[in-house]
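Below is one structure, written out as structure tokens; the observations come after it.
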Amino acid sequence: MAVSAESIASAVKAAKGRGLPPVDKWNPPFCGDLDMRIARDGTWFYLGTPIGRAPLVRLFSTVLKREGDKYFLVTPVEKVGITVDDAPFLAVDFDIEGEGKDQRLTFHTSVGDQVTADAEHPIRVETRDGEPAPYVEVRAGLEALIDRKSFFRLVDHAMTEEIDGEALFGVWSAGVFFEIAKAADLA
């Protein structure tokens with residue numbers, strides 16, 4: 001049987017119960033790479049064509065697994081490699097509950113996940129080509145790139161805190177301070 005997006009979708013639908021599938025417990029044999037790609041803007045492609053059906057993209061996103069720097073779609077019986085240009089998810093918005101050190105930031109992804117930034121779901125910011133590249137961990141090593149408008153909103157809620165004797169600019173969520181930049185670098 002040839003592995004295809006359709007065979008993966010059928011297997012996932014057959015195995016799916018309530019909630020996210022337990023992909024961390026599935027260790028099927030590797031069946032090769034699939035011509036599937038997740039672009040930096042969160043668009044999923046199959047055979048070079050964008051996947052236009054949001055429920056199908058959501059279904060695939062629930063069986064995504066990361067091993068090292070590689071990404072796979074897994075079912076109980078097969079595992080196929082896919083290409084991820086940056087992060088597999090895109091955080092398109094967030095909600096704020098509370099203020100200051102007591103606030104909670106809950107991010108929403110383009111595939112329907114919601115995650116509150118905390119110790120297990122950290123926010124991190126890299127610099128690429130002189131520009132910030134912000135991420136939040138969604139689940140099991142899978143991150144969401146925080147989109148530009150959400151990052152600007154995040155910066156609006158940031159503050160300077162002294163952590164271990166160093167002035168850092170960042171945000172609080174669920175009792176954890178997440179650094180966006182060193183305060184000295186902002187001058």
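The values are calculated or read from the model by the stated rules, or taken from the named source; none is laboratory data. From a predicted model like this one, the values you see are computed outputs, not experimental measurements. Here Cβ is always computed from backbone atoms with ideal geometry, including for glycine, and neighbour counts include all displayed protein chains. All accessible areas refer to the heavy atoms of the entire protein, side chains included, with ligands and DNA or RNA removed. Shrake-Rupley method; radii C 1.70, N 1.55, O 1.52, S 1.80 Å.
Residue pairs whose Cβ atoms lie under 7 Å apart, sitting 6 or more positions apart in sequence or on different chains, and linking a residue in the range 27-40 that is more than 9 Å from Thr83 (Cβ to Cβ) to a partner that is open to solvent by 80 Å² or more (accessible area, probe 1.4 Å) and modelled with pLDDT under 95, are Pro28/Val77. Would you point out the residue of the range 86-111, among those that are surrounded by 14 or more Cβ atoms within 10 Å (Cβ to Cβ) and more than 12 Å from the chain's Cα centre (by Cα), that is nearest to Lys149 (Cα to Cα)? Among residues in the range 86-111 that are surrounded by 14 or more Cβ atoms within 10 Å (Cβ to Cβ) and more than 12 Å from the chain's Cα centre (by Cα), the one nearest to Lys149 (Cα to Cα) is Asp93. Screening the range 145-162 for residues that are under 28 Å from Ile38 (Cα atoms) and open to solvent by less than 50 Å² (accessible area, probe 1.4 Å) and picking the one that is farthest from the chain's Cα centre (by Cα) gives Val155. Here Val77 does not fit the description of being outside any helix (DSSP H, G or I), of a type in the set (Val, Ile, Thr), touching a helix residue (DSSP H, G or I) at 6+ places or on another chain (Cβ under 9 Å) and buried (at least 16 other Cβ atoms within 10 Å of the Cβ). Across the range 158-187, what is the number of residues that are of a type in the set (Lys, Arg) and either within 14 Å of His121 (Cα to Cα) or touching a Ser or Thr at 6+ places or on another chain (Cβ under 6 Å) (or both)? Number of matching residues: 0. Only one of Ala144, Ala133, Ala140 is under 22 Å from Trp44 (Cα atoms) and touching a helix residue (DSSP H, G or I) at 6+ places or on another chain (Cβ under 8 Å); which? Every option except Ala140 fails the conditions. Evaluation of Glu131 against the conditions (1) modelled with pLDDT under 95; (2) open to solvent by less than 20 Å² (accessible area, probe 1.4 Å) shows that the sole unmet condition is (2). Residues in the range 163-187 that are open to solvent by 50 Å² or more (accessible area, probe 1.4 Å) and touching a helix residue (DSSP H, G or I) at 6+ places or on another chain (Cβ under 9 Å): Glu166, Gly175. Here are the criteria: (1) within 30 Å of Gly170 (Cβ to Cβ); (2) modelled with pLDDT under 95; (3) among the hydroxyl-bearing types (Ser, Thr, Tyr). Tell me which single one Ser61 does not satisfy. Of everything listed in (1) within 30 Å of Gly170 (Cβ to Cβ); (2) modelled with pLDDT under 95; (3) among the hydroxyl-bearing types (Ser, Thr, Tyr), Ser61 misses just condition (2). Would you call Ala91 at pLDDT 95 or above, in a loop (DSSP other than H, G, I, E, B) and among the hydrophobic types (A, V, I, L, M, F, W, C)? So Ala91 fails the test. Counting the residues of the range 22-50 that are surrounded by fewer than 19 Cβ atoms within 10 Å (Cβ to Cβ) and in a loop (DSSP other than H, G, I, E, B) gives 11. The residue that is farthest from Asp93 (Cα to Cα), counting only those in the range 112-125 that are in a strand (DSSP E or B) and open to solvent by 60 Å² or more (accessible area, probe 1.4 Å), is Arg124.
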